[in-house]
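The values are calculated or read from the model by the stated rules, or taken from the named source; none is laboratory data. Keep in mind the model is a prediction, meaning the values are calculated, not measured. Counting neighbours? That spans all protein chains shown, and the Cβs are built from the backbone with ideal geometry, glycine included.
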């Protein structure tokens, strides 16, 4: 069995590749940049890497040759819908046996987060395609805090956002990778749409308290307004589309769409989902400005 992983440099996709490589499963991977792929995968041993963009018809025309299962996870991008639909269409032409798609827990046509709306459109396209599939819908990644909070925490001891009261059952990306690996290795698990969460639903101020204990200094989460947050991101050179995604995630969080806790990770892996404090402790260097 050969598994295709387009966009292999993502957190979940690269974790899946490492898990499958450890299990001796042949992997074909697609990436825009060979050096970045090699870094994400700790080397390319055991991986058939094809380099090029996902909108390259020639690349997709041969990517599925001899492939039985594919894992689809294009990172947040204004063209995400277009790119993932192109991969699905290529899977149809190849007669792919099964596709595992990474989505998000707040997927809906009217989701407050634009990414949730993109995934709803992609999921509908996948269903209409007829390709047998499994959908993974995780909550907010714990490691998102390395981007949204860590630089400010390292510099000032605080970070700001627009979701001070919403609870988040945040999940470790490594747990999602482990679930995807289990689905590849055990066809009997495939088919449903799985909602994946961590073991606790915490507010971001509670995460600040956790960081206070881990770092031994006072850390705070400061509520702000969308206008102030948008202006600050623009000043830092954050692309406009990504600023809207970040604000949309906050809207989803504040609406409680990432708060529900499921036991799915434990049921599929036979162990508890990883606690947020464990993930933060593994990445404390990011919150101090010291490289891990």
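Things worth noting here:
- Test: residue 146 is closer than 22 Å to residue 283 by Cα, part of a helix (DSSP H, G or I) and within 20 Å of the chain's Cα centre (by Cα): yes
- Any hit, region 173-183, residues being buried (at least 20 other Cβ atoms within 10 Å of the Cβ), closer than 20 Å to residue 245 by Cα and outside the structural domain of residue 120 (by TED's automatic domain parsing): yes
- Options 30, 41: the member that is surrounded by 22 or more Cβ atoms within 10 Å (Cβ to Cβ) and at pLDDT below 95: 41
- Set 117, 93: member being within 20 Å of the chain's Cα centre (by Cα), part of a helix (DSSP H, G or I) and surrounded by fewer than 19 Cβ atoms within 10 Å (Cβ to Cβ): 117
- Residue, farthest from residue 62 (Cα to Cα), within region 1-20, restricted to residues that are at pLDDT 95 or above and over 17 Å from the mean Cα position of the chain (by Cα): 20
- Extreme residue, surrounded by the most Cβ atoms within 10 Å (Cβ to Cβ), among residues of region 223-266 that are in contact with a strand residue (DSSP E or B) (Cβ under 6 Å, 6 or more places away or on another chain) and part of a loop (DSSP other than H, G, I, E, B): 258
- Filter result for the condition that a residue is outside any loop (DSSP other than H, G, I, E, B), in contact (Cβ under 8 Å) with a residue 24 or more places away in the chain, within 19 Å of residue 105 (Cβ to Cβ) and in the same structural domain as residue 248 (by TED's automatic domain parsing), over 122, 207: 207
- The set of residues from region 210-222 being touching a strand residue (DSSP E or B) at 6+ places or on another chain (Cβ under 9 Å) and either more than 17 Å from residue 151 (Cα to Cα) or assigned to a loop (DSSP other than H, G, I, E, B) (or both) comprises 218, 219.
- Contacts under 6 angstrom Cβ, first residue in region 243-267 being without any contact (Cβ under 8 Å) to a residue 40 or more places away in the chain, partner assigned to a helix (DSSP H, G or I), 6 or more apart: 243/230; 243/233
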